[in-house]
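Notes to accompany the following structure.
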Amino acid sequence: MRVSTLWDMFCPYHKFLLFNLVTRNLKLKYRKSILGMFWTMLAPGLSAVIYFLIFKFVMKVGIPNYLLFLLIGLLPWTFFVTSLNNGLESLVMNQSLLNKIPLPIHSLPLAETATGLINFALSLPVLLIVALVTNATLSFTAVLFPFFMLLLFFQSYAYAILLGIYFVYLRDLRHVLVIIIQVWFYITPIIYEEKMIPAELAFFKFLNPVFFIFSGIHDVIVFNRWPPVETLAVSTGWTFFVFLLSFFVLRKNQRTVVEYL
């Protein structure tokens with residue numbers, strides 16, 4: 001098996017195979033489904049409505065345009081979680097493929113992450129509809145939204161690599177991930193604003209790799225303001241760290257992980 005380089009993680013040699021893997025994932029996801037791709041928009045949309053009713057009318061959250069606030073957080077979060085869950089099993093589920101074709105193992109987590117990104121793009125019409133219905137206004141700050149999504153994509157890809165590799169050795173990781181995602185959701189500003197965090201707990205937000213990504217998304221889409229330098233610096237720093245970590249773990253395990261399968 002050829003040893004992967006950092007450049008390979010950005011530009012895999014097996015581009016044709018990657019395209020086919022993503023196409024296969026999309027076909028399998030919507031095969032024999034009556035609503036098909038509509039589920040991509042329906043699931044986060046219904047979640048947003050439920051959270052909106054509970055937090056807006058029961059808990060009296062005073063965030064302006066709260067429905068848009070929820071949706072712009074839940075859609076990227078759905079992409080993030082889907083990438084982690086599918087990336088976890090990406091190597092194990094493609095064991096026969098890895099044993100037949102000498103492909104870089106990071107191509108499989110990449111295919112899962114790319115599939116999730118496509119599903120995210122397909123759900124964007126819901127976001128546009130909500131923005132129109134709620135008379136939301138977008139300012140020039142929205143140009144930073146793709147930047148934050150790019151950071152989230154690379155973090156998702158990195159976690160998919162890490163989870164995919166370690167799941168080969170430890171199958172209990174599937175159950176651990178469920179708990180981690182539940183906790184991760186509530187310590188990330190998706191259903192609440194960053195400023196709602198008590199001052200004595202503010203330090204812990206720096207320990208959450210995706211905290212400032214979602215905070216930045218809310219800033220540029222909902223509040224029409226440029227995110228603080230702190231938001232840009234910490235979110236970018238965490239992304240570089242997690243991505244480089246996944247690269248080193250990949251380099252260390254790529255020769256043995258296929259044998260262990």
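From the list Ser139, Ser215, pick out the single residue that is modelled with pLDDT of 95 or more and of a type outside the set (A, V, I, L, M, F, W, C).
None of the other options fit; the residue is Ser215.
Do we have any residue at all in segment 147-156 that's loosely packed, with under 15 Cβ neighbours inside 10 Å and either out of contact with any strand residue (DSSP E or B) (no Cβ under 6 Å at 6 or more places or on another chain) or not hydrophobic (A, V, I, L, M, F, W, C) (or both)?
yes
Just a yes or no: is a residue in segment 92-106 surrounded by 19 or more Cβ atoms within 10 Å (Cβ to Cβ), at pLDDT 85 or above and in contact with a helix residue (DSSP H, G or I) (Cβ under 7 Å, 6 or more places away or on another chain)?
yes
Quick check on segment 16-27. Is at least one of its residues at pLDDT 75 or above, surrounded by 21 or more Cβ atoms within 10 Å (Cβ to Cβ) and within 28 Å of Asn253 (Cα to Cα)?
Looking through segment 16-27, at least one residue is at pLDDT 75 or above, surrounded by 21 or more Cβ atoms within 10 Å (Cβ to Cβ) and within 28 Å of Asn253 (Cα to Cα).
Which of the residues belonging to segment 224-261 are more than 30 Å from Tyr66 (Cα to Cα), among the aliphatic types (A, V, I, L, M) and either more than 21 Å from the chain's Cα centre (by Cα) or surrounded by fewer than 14 Cβ atoms within 10 Å (Cβ to Cβ) (or both)?
Matches in segment 224-261: Leu244, Val257, Val258, Leu261.
Within segment 182-204, is even one residue aliphatic (A, V, I, L, M), buried (at least 21 other Cβ atoms within 10 Å of the Cβ), assigned to a helix (DSSP H, G or I) and at negative phi?
No, that holds for no residue.
In segment 157-181, what residues are surrounded by fewer than 16 Cβ atoms within 10 Å (Cβ to Cβ) and of a type in the set (Gly, Ala, Ser)?
none
Looking at segment 88-108, is at least one residue of a type in the set (S, T, N, Q), within 21 Å of Asp219 (Cα to Cα) and not in a helix (DSSP H, G or I)?
The answer is no; no qualifying residue exists.
The values are calculated or read from the model by the stated rules, or taken from the named source; none is laboratory data. Given the structure is predicted, the values throughout are model-derived calculations rather than measurements. Glycine also receives a Cβ, built like all others from the backbone with ideal geometry; neighbour counts cover every protein chain displayed.
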